[in-house]
Amino acid sequence: MLLFNIIYIKQHTTIKIIKVTKKDLKHVIKKSLAFLNIGLINSMIMPIMRYAFVILVADVGLYAIFDLSFKIAMLANSFILSLATPMFAVFSKEIQENSRKMIQVSYRIFYISTALYLTTTLAYYLFGSYFLTFLNISSKNLDLLYNITFLLIISLGSVALVEIFYRYFLANNQLIKAFLLKLIVPIIGLMLFFVFKGIDLIYRFIYAYGTGLIISAIAIALSFMIYNKNKISIKI
């Protein structure tokens, strides 16, 4: 794959190997660290939460339900996320020259994502319990799995909805804003974990994490709308 990419780039571009300047190196390191900070938040929340759950619960069966609920919820929302993922490259290229058009595209993808989100949530609400019966688990655990998965589909889906706005911030070099908007999730989640101390532990994790996701999603949407409120009249 590496050889193919090198040959392809050589044939279709004028790119060549040159000496790297200190200015370029500083720029790359600065941007890399900014993306690293964002990536750490996204990649560390889930393992830390799983680790904390195992320590506090010490029940393998309950952990299996906890882990499975995340897998189902993320699978349910994966298509919504896939709509926004390739837009980072598009925004990076077009955002400066065609800012108004990119904002309009962002809103259109947001509307499509909203329709998919509502459809997915309704479908799980109506048919989720039926399909979960194929897992052949006890009725008590089945009800628990259905409930926490439904909550996760709602909360993770809210983040998937605004992923297009978040990609816009990343492509527009608003990395500090992007970092702070993602930082809301662990901060709010940790605070609410202690607030919800009277609730069953598994719901305590889900409520705290889910609320953090929803607040972060609302903050991302409001930030995008406020930042671009004078740039375009929204048309579907």
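The values are calculated or read from the model by the stated rules, or taken from the named source; none is laboratory data. Bear in mind that the values here come from a model prediction, so they are computed numbers and not experimental data. Please note: Cβ atoms are built from the backbone with ideal geometry, for glycine as well, and neighbour counts cover all protein chains shown. For the accessible areas, the whole protein counts, side chains as well, though only heavy atoms, and no ligand, DNA or RNA atoms are used. Shrake-Rupley method; radii C 1.70, N 1.55, O 1.52, S 1.80 Å.
Right, Phe35: modelled with pLDDT of 90 or more, within 30 Å of Ala208 (Cα to Cα) and hydrophobic (A, V, I, L, M, F, W, C) or not?
For Phe35, the condition - modelled with pLDDT of 90 or more, within 30 Å of Ala208 (Cα to Cα) and hydrophobic (A, V, I, L, M, F, W, C) - is not met.
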| query | Between a first residue in the stretch 12-29 that is at pLDDT below 85 and a second residue that is aliphatic (A, V, I, L, M) and open to solvent by less than 100 Å² (accessible area, probe 1.4 Å), which pairs have beta carbons less than 7 Å apart while being 6 or more apart in sequence or on different chains? | reply | Ile15/Ile9
| note | Across (1) closer than 27 Å to Phe205 by Cβ; (2) surrounded by 15 or more Cβ atoms within 10 Å (Cβ to Cβ), Leu122 clears everything bar (2)
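Here is a yes/no grid of residues against (1) closer than 29 Å to Ser106 by Cα; (2) free of Cβ contacts under 8 Å to residues at least 60 places away in the same chain:
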{"residue": "Arg167", "(1), (2)": "yes, no"}
{"residue": "Lys177", "(1), (2)": "yes, yes"}
{"residue": "Ile187", "(1), (2)": "yes, yes"}
{"residue": "Phe194", "(1), (2)": "no, yes"}
{"residue": "Ile202", "(1), (2)": "no, no"}
{"residue": "Ala219", "(1), (2)": "yes, yes"}
{"residue": "Asn228", "(1), (2)": "yes, no"}
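Kindly provide the set of residues from the stretch 1-46 that are among the charged types (D, E, K, R) and farther than 30 Å from Lys177 by Cα, ordered by number.
Narrowing the stretch 1-46 to residues among the charged types (D, E, K, R): 10, 16, 19, 22-24, 26, 30-31.
Lys10, Lys16, Lys19, listed by residue number.
Could you check the stretch 185-198 and list, in sequence order, the residues that are open to solvent by 60 Å² or more (accessible area, probe 1.4 Å) and either of a type in the set (A, V, I, L, M, F, W, C) or within 18 Å of Val159 (Cα to Cα) (or both)? Show your work before the answer.
So the first thing to find is which residues in the stretch 185-198 are open to solvent by 60 Å² or more (accessible area, probe 1.4 Å), and the list is 187, 190-191, 194-195, 197-198.
If the condition is that a residue be open to solvent by 60 Å² or more (accessible area, probe 1.4 Å) and either of a type in the set (A, V, I, L, M, F, W, C) or within 18 Å of Val159 (Cα to Cα) (or both), then Ile187, Leu190, Met191, Phe194, Val195 are the ones that fit.
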| request: Please identify the pairs in which a residue from the stretch 38-53 that is under 15 Å from Leu68 (Cα atoms) has its Cβ atom under 8 Å from the Cβ atom of a residue that is at pLDDT 90 or above and surrounded by fewer than 15 Cβ atoms within 10 Å (Cβ to Cβ), counting only partners at least 6 apart or on another chain. | output: Arg50/Asp67
